[in-house]
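The values are calculated or read from the model by the stated rules, or taken from the named source; none is laboratory data. Note that the coordinates shown come from a computational prediction; the quantities given were computed from them, not determined experimentally. Methodologically, a virtual Cβ is constructed for each residue, glycine included, from the backbone with ideal geometry; neighbour enumeration extends over all protein chains shown. Note: accessible area is taken over every heavy atom of the protein model, side chains too, but ligands, DNA and RNA are not part of it. Shrake-Rupley method; radii C 1.70, N 1.55, O 1.52, S 1.80 Å.
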Amino acid sequence: MKYTDTGSSFTNLLLEVFRFNGELLTEGDRITADIGITSARWQVMGTIDDRSLPVPHIAREMGLTRQGVQRTVNILEKEGLIELQVNPHHKTAKLVCLSPEGRRRLDLAKEAQINWANTISKNYSVDDLETAFHVIQ
């Protein structure tokens, strides 16, 4: 079987997204190194930035396994960066929310990410970035 032109272009895009994801994780670890969190922990913390969610919802939103997110949540709880609260909609699925220290560190990470994003994006137009976003979405 042979790729169509669009199938080949899509495969090239897919491989570039995989490579880009690796670079983003590496950069995320660099950005958060002085803050004391990893990019994986930052991703979970960012998902609950403005709302509390149970682990399965965090996993679904992030496109990760529930087990992987649960491991990260366990670490974050042990480090005092998140708190688990009673979920009025489910007896066993606790709500994950940021602790005050988690909020402080997430805010530091967000500030560093904003500086990085503003620097890295200055050579691109908003239209190009929006088009890339819509294609990937």
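Could you pull out the residue among 71, 66 that is out of contact with any Asp or Glu (no Cβ under 9 Å at 6 or more places or on another chain) and over 13 Å from residue 40 (Cβ atoms)?
Details: 71 fails: over 13 Å from residue 40 (Cβ atoms).
That would be 66, the only listed residue that is out of contact with any Asp or Glu (no Cβ under 9 Å at 6 or more places or on another chain) and over 13 Å from residue 40 (Cβ atoms).
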Any hit, segment 25-41, residues being within 23 Å of residue 135 (Cα to Cα), out of contact with any Gly (no Cβ under 6 Å at 6 or more places or on another chain), open to solvent by 70 Å² or more (accessible area, probe 1.4 Å) and hydroxyl-bearing (Ser, Thr, Tyr): no
Residue pairs meeting the criteria (Cβ under 9 Å; at least 6 apart or on separate chains; first within 25 Å of residue 63 (Cβ to Cβ), in segment 115-137; second small (Gly, Ala, Ser)): 124/132; 129/121
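Do we have residue 78 as more than 25 Å from residue 135 (Cβ to Cβ) and modelled with pLDDT under 95 here?
Details: more than 25 Å from residue 135 (Cβ to Cβ): yes; modelled with pLDDT under 95: no.
Considered against the rule, which asks whether it is more than 25 Å from residue 135 (Cβ to Cβ) and modelled with pLDDT under 95, residue 78 comes out as no.
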Tabulated pairs, segment 11-38, first at positive phi, second assigned to a helix (DSSP H, G or I) and at pLDDT 95 or above, C-beta under 8 angstrom, 6+ apart or interchain: 36/105
Hey, residue 95 among the aliphatic types (A, V, I, L, M) and modelled with pLDDT of 95 or more or not: yes
Helices (runs of 4 or more DSSP H) enclosed by segment 13-126 - at least 1 residues per element that are aromatic (Phe, Trp, Tyr) and out of contact with any strand residue (DSSP E or B) (no Cβ under 8 Å at 6 or more places or on another chain): 39-47, 100-120
Meets criteria (of a type in the set (Gly, Ala, Ser), open to solvent by less than 70 Å² (accessible area, probe 1.4 Å) and modelled with pLDDT of 95 or more) for residue 117: yes
